[in-house]
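Please read the structure below before turning to the comments.
The values are calculated or read from the model by the stated rules, or taken from the named source; none is laboratory data. Remember, it's a predicted structure, so these values are computed and weren't measured experimentally. Neighbour counts run over all protein chains shown; Cβ positions are idealised from the backbone, glycine included.
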Amino acid sequence: MDIRRAVLALLVVLSLCGAVGGVSLRITVVDDEAGDPVSGAVIYVGGIYQGATNAGGVYAYEHSLNESFRVGIEKTGYTGWQSMVSATQTNLTAELSRRAVPLTVSLYDADTMEPVKGILVKVSGEGYLSTGTSNAAGDAVFEVKAGRQYSVEVSASRYEPLIRIVEMGNEEKFVDYRLIRDDIFVVEVRDAATGYPLEGAEVSIDEKPAGKTGEGGRLTTYVERGRTYPVSVVKDEYAAFADQLYIDTDLLVYQVALSKALYPVAISVHEPGKTPIEGATIYIDGAYHETTDAFGRAGIAQLVAGPHVLEVRAAGYETVTREVIVDDSVEDIIIQPDFAMAAVSILAEEADHTPVVGASVLIDGVFVGITGGDGIFETALRTNAAYAISLTRDGYHDASVEERIPKGTSEYQIPVPMEQSFNIGLVIVLCGIMVIGVAGIMGVRHLRKRPAKRNSQKKNKL
């Protein structure tokens with residue numbers, strides 16, 4: 001009996017000690033689907049923050065409460081959890097459910113970047129499978145669990161299949177995908193000589209216009225593969241292209257090289273008065289082509305369409321450089337070079353070859369300058385033309401000559417004789433000076449004679 005009483009007393013003492021020391025409540029938080037521990041879950045007791053679960057999803061709550069209390073648990077991406085717990089409970093397991101968040105899949109055509117409507121979209125993940133169809137805005141919306149990974153599959157006729165993996169966070173997510181047409185076909189047109197892309201080339205497929213190439217020389221269109229199509233390409237200034245083309249699943253870009261069209265062009269060289277110029281040498285784009293015959297003609301040149309630099313050289317004529325645009329409307333090119341310029345010196349001189357300095361020079365009635373210290377005025381005049389040369393200077397009679405500058409001349413001198421004129425004004429002035437001088441002399445003599453006569457009279461009186 002004594003032993004039993006001692007054991008009973010010991011149990012009572014231990015019970016009292018436990019009541020005084022408090023209770024330890026072990027709280028374990030796990031994912032309700034995967035069963036994995038949830039770390040960082042925030043623990044509230046009676047609405048008051050206590051702490052957060054560790055990496056193992058566990059939190060130990062020490063208390064000395066003597067009545068039931070409310071435990072609340074929150075974790076981003078999960079729905080909040082609450083439960084009443086008795087004061088003596090030592091273990092608590094909370095299963096948190098993932099919060100549902102929207103996943104919006106937006107689909108666009110890769111070429112036009114326009115939304116694609118009516119495309120089937122399948123979203124799958126752990127314990128989740130849902131399908132939807134894109135609306136007019138190209139969107140398909142799904143309700144998925146936050147923090148999970150999902151597979152997005154897109155399939156549609158005329159488009160390549162698309163599969164993507166999406167990692168969901170704790171908030172709504174938007175993903176954009178570009179769908180590539182599987183019937184897309186690109187025609188690329190380039191210049192055969194330079195390799196440069198050709199813009200504006202007209203492409204026809206299956207004898208139907210497909211459109212024009214853009215800035216990069218490309219045209220994007222759509223065809224049913226596994227067939228043979230007639231393909232043609234035309235562009236101004238280029239030879240037309242045509243082919244029978246089998247388009248299989250591997251052919252995406254079809255390259256076409258266009259060669260410049262050749263046009264026969266006749267070149268003639270005439271004077272301004274349409275007289276043929278024989279012996280003129282012709283250069284095309286810097287290369288010698290031919291020399292003109294007695295009729296001023298050169299042989300036929302086969303020129304590709306487009307711009308060309310034409311140069312004509314002939315003795316006694318100005319060199320002509322001209323850019324010509326060759327196309328199917330150009331057959332004959334006529335060049336009319338001007339006569340060459342000559343260095344002309346106009347010499348004003350008297351009969352004894354004394355130069356006349358400062359004479360005004362007029363050519364065809366237009367003042368052009370004044371003769372220098374050597375009596376010469378220099379200018380440039382076109383050959384094979386006649387000119388009226390006029391000279392004027394005070395003290396000289398006006399002088400004029402008609403002179404023709406010969407064709408083929410590079411230097412030429414035109415002498416113009418000038419004769420001094422009789423200046424009546426100067427004569428009048430000189431005569432006036434002489435009259436004044438004579439009158440002055442006579443006056444002086446008269447004054448000298450008058451005193452002598454008075455002296456003689458005085459002598460007679462004496």
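Here are Gln244, Gln255: which of them is modelled with pLDDT of 90 or more, within 31 Å of the chain's Cα centre (by Cα) and outside any loop (DSSP other than H, G, I, E, B)? Even if it seems obvious, please write down each step before you answer.
Numbers: Gln244 fails: within 31 Å of the chain's Cα centre (by Cα).
Testing whether each residue is modelled with pLDDT of 90 or more, within 31 Å of the chain's Cα centre (by Cα) and outside any loop (DSSP other than H, G, I, E, B) leaves just Gln255.
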Within the range 147-161, is there a residue that is hydroxyl-bearing (Ser, Thr, Tyr) and not in a strand (DSSP E or B)?
-> yes
By residue number, the members of the range 172-186 that are touching a Leu at 6+ places or on another chain (Cβ under 9 Å) and part of a loop (DSSP other than H, G, I, E, B) are Glu172, Ile180
May I ask you to list pairs of residues, at least six apart or on different chains, whose Cβ atoms are under 9 Å apart, with the first in the range 213-230 being under 8 Å from Ile247 (Cβ atoms) and among the polar types (S, T, N, Q) and the second being assigned to a strand (DSSP E or B) and modelled with pLDDT of 90 or more?
-> Thr228/Gln244; Thr228/Leu245; Thr228/Tyr246; Thr228/Ile247
Can you tell me which residues in the range 105-121 are surrounded by fewer than 18 Cβ atoms within 10 Å (Cβ to Cβ) and either over 39 Å from the mean Cα position of the chain (by Cα) or not polar (S, T, N, Q) (or both)?
-> Tyr108, Asp109, Ala110, Asp111, Met113, Glu114, Pro115, Lys117, Gly118, Leu120
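Of the residues Phe367, Phe422, Phe377, Phe339, which single one is among the aromatic types (Phe, Trp, Tyr), over 27 Å from Val312 (Cα atoms) and modelled with pLDDT under 95? Reasoning before the result, please.
Details: Phe367 fails: modelled with pLDDT under 95; Phe377 fails: modelled with pLDDT under 95; Phe339 fails: over 27 Å from Val312 (Cα atoms).
After ruling out the rest, the residue left standing is Phe422.
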Condition broken by Ile334, with the remaining ones in (1) of a type in the set (A, V, I, L, M, F, W, C); (2) farther than 18 Å from Ile389 by Cβ; (3) surrounded by 14 or more Cβ atoms within 10 Å (Cβ to Cβ) satisfied | (3)
Could you tell me which of the residues Val166, Val189 is assigned by TED's automatic domain parsing to the domain that holds Thr104, surrounded by 13 or more Cβ atoms within 10 Å (Cβ to Cβ) and assigned to a strand (DSSP E or B)?
-> Val166
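Tally the residues that are without any contact (Cβ under 8 Å) to a residue 60 or more places away in the chain and hydrophobic (A, V, I, L, M, F, W, C), restricting the search to the range 19-52.
The first filter runs over the range 19-52 and keeps only residues without any contact (Cβ under 8 Å) to a residue 60 or more places away in the chain, leaving 19-22, 35-52.
Then keep just the ones that are hydrophobic (A, V, I, L, M, F, W, C); that gives 19-20, 38, 41-43, 45, 48, 52.
Qualifying residue count for the region: 9.
Conditions (1) closer than 25 Å to Glu74 by Cα; (2) among the hydroxyl-bearing types (Ser, Thr, Tyr), marked per residue:
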residue	(1), (2)
Thr93	yes, yes
Leu96	yes, no
Ser106	no, yes
Gly127	yes, no
Tyr159	no, yes
Leu162	no, no
If we keep only residues of the range 212-238 that are polar (S, T, N, Q) and over 27 Å from the mean Cα position of the chain (by Cα), then the residue surrounded by the fewest Cβ atoms within 10 Å (Cβ to Cβ) is Thr228
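Working only within the range 122-153, note down all residues that are closer than 30 Å to Leu219 by Cβ and surrounded by fewer than 15 Cβ atoms within 10 Å (Cβ to Cβ).
Looking only at the range 122-153, we keep the residues that are closer than 30 Å to Leu219 by Cβ, and these are 134, 136-138.
Selection gives Ala136, Ala137.
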Those residues of the range 199-216 which are touching a Gly at 6+ places or on another chain (Cβ under 9 Å), part of a loop (DSSP other than H, G, I, E, B) and either at pLDDT below 95 or not hydrophobic (A, V, I, L, M, F, W, C) (or both), in sequence order = Glu199, Gly200, Thr213, Gly214
Between a first residue in the range 340-356 that is in contact (Cβ under 8 Å) with a residue 24 or more places away in the chain and surrounded by 14 or more Cβ atoms within 10 Å (Cβ to Cβ) and a second residue that is part of a loop (DSSP other than H, G, I, E, B) and among the basic types (Lys, Arg), which pairs have beta carbons less than 9 Å apart while being 6 or more apart in sequence or on different chains?
-> Ala340/Lys407; Ala348/Arg393; Val356/Arg393
Select from the range 222-238 the residues that are at pLDDT below 90 and among the aliphatic types (A, V, I, L, M) and list them in ascending order.
-> none
Consider Glu311 carefully, then state whether it is under 23 Å from Lys407 (Cα atoms), within 39 Å of the chain's Cα centre (by Cα) and either at pLDDT 95 or above or surrounded by 16 or more Cβ atoms within 10 Å (Cβ to Cβ) (or both).
-> yes
Restricting the search to the range 80-99, which residues are touching a Leu at 6+ places or on another chain (Cβ under 7 Å) and assigned to a loop (DSSP other than H, G, I, E, B)?
-> Ala87, Gln89, Thr90
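Counting residues that are assigned by TED's automatic domain parsing to the domain that holds Ser268 and among the charged types (D, E, K, R), which strands (runs of 3 or more DSSP E) fully inside the range 280-355 reach at least 2? Lay out the reasoning, then the answer.
Working: elements: 281-284, 287-291, 301-304, 306-313, 320-326, 332-335, 341-349.
Per the criteria, 306-313, 320-326.
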Reported set for the range 151-188 where residues are within 28 Å of Gly211 (Cβ to Cβ) and polar (S, T, N, Q) is Ser157
State the number of residues belonging to the range 255-305 that are free of Cβ contacts under 8 Å to residues at least 60 places away in the same chain, surrounded by fewer than 19 Cβ atoms within 10 Å (Cβ to Cβ) and of a type in the set (S, T, N, Q).
-> 4
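Would you list the strands (runs of 3 or more DSSP E) that sit entirely within the range 370-423 and hold 1 or more residues that are charged (D, E, K, R) and either assigned by TED's automatic domain parsing to the domain that holds Ile346 or over 20 Å from His353 (Cα atoms) (or both)? Give the derivation first.
On the way: elements: 376-382, 385-392, 399-405, 411-417.
Of the strands (runs of 3 or more DSSP E) lying wholly inside the range 370-423, those with at least 1 residues that are charged (D, E, K, R) and either assigned by TED's automatic domain parsing to the domain that holds Ile346 or over 20 Å from His353 (Cα atoms) (or both) span 376-382, 399-405, 411-417.
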